[in-house]
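The values are calculated or read from the model by the stated rules, or taken from the named source; none is laboratory data. All values derive from a computational prediction rather than experimental measurement. Using ideal geometry, Cβ is built from the backbone for each residue, glycine included, and neighbour counts are taken over all protein chains shown.
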Amino acid sequence: MDRARVLAPFSGIAEESPPYLPDLTLWYEWHRRRGTLPAEWRDYTLPQIAQALGVPAWLVARPWRVETPGIEIGVSEANGTRVVRSQTPAGILVSRWILGPDGAWWQTEYLVKTPDDLAAALELVRARTYLLDTVELARLEPLVGSDGLLALEIPRRPYSDLLHDFLGWGEGLLLLGEPVLEEIMATLEAKLQNLVQAVAELPAQVVLSPDNLDGQYISPATFRIYLSDSYRLTAEVLHRHGRYLVVHAGGPVRRLLAPMAAAGVDVVEGVAGPPQGDASLAQAREVAGPELTLWGGIPQDFLLSTYDRTEFEAAVAQAAQEAKGDRRMILGVADRVPVDAELSRLEVIPGLIRRARRSR
């Protein structure tokens, strides 16, 4: 499959049978770092594994780095705990992680606990500086191959950044009414859009906003207030440079699809029905309208051994059937291939899709 066919759904000119593009990035990096890739792929790059699976490769490069001049940041690790302390002119902010059973770091304490921490948070975001750094882009560009896509990652939206890094998804939400948060988000927004201008000029057609949107926490009203204009500004810049904006979703997003389309987003990655999401591809198309490209359809849960094999095969068949004939769909594992996916299931998906396409 050549790159043009993979890109075709981004602009609505895909063939009757949309491409299948699994996002292997999480699965690959998790196993590569731990030396647990399947034996036959132990020394493979991600594109080589994609080729072995008979699918295009999706790679993501972060062409920037963050510096915080004037802020002293210290990281310590001991007994399965990681603590990050940020010393600002207005005080110290502390975040904490524990090493989870999956070998990944789980955040248990966020930077902002009380309103007293907000002044220091503002100092931290004022100091945050995005600098272009294309080392990773230069490393990955030769690897992607003629049928893969290399996307450029930009920072999360300020509202998403605020929840993921500063406030968390629990008691921190109660602080959203604090006036200083408006200044924090405005500062982050200006820095983000300045970086977008620079990224748009780099040699790649696809830009990824890794916001991990979840409709359980973000209502359409919240989207309109905090996210819509941000996406619109980014999309306008990227479109002027002939680039596409992909937004990553990590949960139920049915009620956010139409607002994203209206804001100029080109592609939503991570669309799926239960048990992971709240909209099959057909349901998502109904609410999203005709202009938004939908990527997903196969809930990642069904790649786990905890789900019956017949449920997995039925989910793949349903996604393939619903995508058939839709020129703005990309089949994929939503939101990404999980780290504990059964390899045998991952290997048979292309064949299951072909079989489903042949049936009525």
- request: Could you pull out the residue among 235, 282 that is surrounded by fewer than 22 Cβ atoms within 10 Å (Cβ to Cβ) and of a type in the set (A, V, I, L, M, F, W, C)?
  value: 282
- line: If we take segment 53-110, then strands (runs of 3 or more DSSP E) inside it with 2 or more residues that are in contact (Cβ under 8 Å) with a residue 60 or more places away in the chain are 58-61, 64-67
- prompt: Here are some residues: 68, 88. Which one is over 29 Å from the mean Cα position of the chain (by Cα), of a type in the set (S, T, N, Q) and more than 20 Å from residue 169 (Cβ to Cβ)?
  reply: 88
field: Every pair of residues 6+ apart whose Cβ atoms lie under 8 Å, when the first sits in segment 125-149 and is closer than 13 Å to residue 46 by Cβ while the second is surrounded by fewer than 18 Cβ atoms within 10 Å (Cβ to Cβ) and of a type in the set (Ser, Thr, Tyr)
entry: 143/45
field: Residue that is surrounded by the most Cβ atoms within 10 Å (Cβ to Cβ), among those in segment 160-195 that are in a loop (DSSP other than H, G, I, E, B) and touching a helix residue (DSSP H, G or I) at 6+ places or on another chain (Cβ under 7 Å)
entry: 178
query: Do we find that residue 157 is surrounded by fewer than 17 Cβ atoms within 10 Å (Cβ to Cβ) and either in contact (Cβ under 8 Å) with a residue 60 or more places away in the chain or within 28 Å of residue 21 (Cα to Cα) (or both) in this structure?
result: no
query: Any idea which of 50, 57, 39 is of a type outside the set (Val, Ile, Thr) and over 20 Å from residue 330 (Cβ atoms)?
result: 39
- line: Residue hits (segment 249-264; surrounded by fewer than 24 Cβ atoms within 10 Å (Cβ to Cβ) and either β-branched (Val, Ile, Thr) or under 21 Å from residue 7 (Cβ atoms) (or both)) are 261, 264
- request: Within segment 293-351, track down each residue that is within 16 Å of residue 25 (Cα to Cα), surrounded by fewer than 18 Cβ atoms within 10 Å (Cβ to Cβ) and aliphatic (A, V, I, L, M).
  value: 339, 343
query: Of the residues that sit in segment 200-233 and are among the polar types (S, T, N, Q) and more than 16 Å from the chain's Cα centre (by Cα), which one is modelled with the lowest pLDDT?
result: 216
field: Qualifying positions in segment 99-119 - among the charged types (D, E, K, R), within 27 Å of the chain's Cα centre (by Cα) and surrounded by fewer than 15 Cβ atoms within 10 Å (Cβ to Cβ)
entry: 102, 109
message: Just checking, does segment 235-246 include any residue being in the same structural domain as residue 149 (by TED's automatic domain parsing) and closer than 16 Å to residue 298 by Cα?
response: no
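This table checks each residue for (1) in contact (Cβ under 8 Å) with a residue 24 or more places away in the chain; (2) outside any helix (DSSP H, G or I); (3) in the same structural domain as residue 58 (by TED's automatic domain parsing); (4) closer than 20 Å to residue 295 by Cα.
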position: 201; (1), (2), (3), (4): yes, yes, yes, no
position: 204; (1), (2), (3), (4): yes, yes, yes, yes
position: 207; (1), (2), (3), (4): yes, yes, yes, yes
position: 230; (1), (2), (3), (4): yes, no, yes, no
position: 257; (1), (2), (3), (4): yes, no, yes, yes
